[in-house]
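Trainee: Please see the structure below; I have some questions.
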Amino acid sequence: MGSIYLIRHGQASFGADDYDVLSPTGYRQAEILGAHLAQLGLKFDRCVSGSLFRQRHTAETALAQLNAAGLEIPALEIDPAFNEFDAEGVIRALLPAMLPDEPEALEVMRNAAHNRAEFQRLFALIIGRWLGGEHDTPALQSWLAFVAQVRSGLDSILDSAAANDRIAVFTSGGTITALLHLITRMPATQAFELNWQIVNTSLNQLRFRGREVTLASFNSHAHLQLMKAPELITYR
């Protein structure tokens with residue numbers, strides 16, 4: 001059987017003007033991940049990344065560690081099918097209708113870095129509305145459309161994969177959630193309960209034979225735990 005390793009990007013710059021940039025912690029997480037993979041002697045036949053900068057920078061940083069250890073690495077392929085959904089777009093589209101019940105929501109969202117717990121509560125409510133589909137707008141990518149996007153990326157990999165290929169995919173939490181939903185057939189709301197637990201640079205392994213795909217492991221972050229530095233274990 002072949003293996004697909006879904007790797008979440010390192011910590012991004014939550015609360016900054018540009019979220020799509022690795023924080024110093026995110027960069028360190030990616031270095032630690034790469035060193036861990038090199039220590040395992042894990043050799044990839046293909047390496048794929050979404051097109052977002054935080055995904056590509058994580059891939060390049062981790063793969064540089066493999067290269068430094070003398071392991072041959074394939075050229076990094078870019079596939080936007082593994083991009084994250086537009087969380088800001090979802091918030092902009094769905095938040096206004098919530099304001100009568102959540103009058104402080106705008107202030108929380110504007111100062112998310114200083115209101116992390118309240119931001120998470122509101123974001124979970126917004127995601128619940130997005131998953132339900134009743135509040136879709138023409139300008140907003142629906143949950144179903146996002147799942148179809150992610151499925152197209154997975155199908156593209158499976159269609160071109162050899163039987164025993166080991167493939168790294170550097171992506172994001174929402175994308176991993178959509179794949180969990182597709183592969184395990186768990187309800188979308190249940191999949192998103194797992195989404196909140198996905199650690200930055202965690203490893204999630206899929207096993208495949210042809211078009212048959214199963215989940216082999218979820219959210220492994222031993223490479224960070226072994227550092228005995230709790231600040232390296234982040235979720236956004």
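Only the coordinates and a few stated rules stand behind these numbers; no lab work does. Remember, predicted model here, so these are calculated numbers, not experimental data. Neighbour counts run over all protein chains shown; Cβ positions are idealised from the backbone, glycine included.
Trainee: What are the radius of gyration and Dmax of the chain, computed over its Cα atoms and given in Å?
Mentor: Looking at the chain, its Cα Rg and Dmax stand at 17.8, 59 Å.
Trainee: Only Cα pairs under 8 Å and at least 6 apart count here; give the relative contact order of region 1-133 as a rounded whole percent. The partial results should precede the final answer.
Mentor: Details: 142 pairs, mean separation 27.4, N = 133.
In percent, rounded to a whole number, it is 21.
Trainee: Mind checking Rg over Rh on region 112-225, alpha carbons, Kirkwood formula for Rh? Before the final figure, lay out each step's value.
Mentor: Working: Rg = 15.6 Å, Rh = 15.7 Å.
My calculation puts Rg/Rh at 1.00.
Trainee: What's the exposure ranking of Phe44, Phe218, going from fewest to most Cβ atoms within 10 Å?
Mentor: By the 10 Å Cβ count, ascending: Phe218, Phe44.
Trainee: Using a 10 Å cut-off around each Cβ, can you sort Val21, Val90, Val199 from fewest to most neighbouring Cβ atoms?
Mentor: Fewest to most other Cβ atoms nearby, the residues stand as Val21, Val199, Val90.
Trainee: Here is a follow-up. In region 6-93, how does Rg compare with the Kirkwood Rh, expressed as the Rg/Rh ratio over alpha carbon atoms?
Mentor: My calculation of the ratio gives 1.02.
Trainee: Relative contact order, percent, of region 95-223 when contacts are C-alpha pairs under 8 Å separated by at least 6 residues?
Mentor: 16 percent
Trainee: Let me ask something additional. If contacts are Cα pairs under 8 angstrom and at least 6 residues apart, what is the relative contact order of the chain in percent?
Mentor: About 32 percent, as a whole number.
Trainee: Sort Arg92, Arg46 so that the residue with the fewest other Cβ atoms within 10 Å of its own Cβ comes first and the one with the most comes last.
Mentor: Arg92, Arg46
Trainee: In addition: Along the three principal axes, how long is region 122-182 when you take its alpha carbons, biggest first, rounded to the nearest angstrom?
Mentor: That gives 42, 22, 16 Å along the principal axes, largest extent first.
Trainee: Sticking with this one: Subtract the Cα-Cα distance of Asn219 and Ala97 from 0.36 nm times their separation in residues, and report this length gain in nm to one decimal.
Mentor: Separation in residues times 0.36 nm, less the Cα-Cα distance, equals 40.5 nm.
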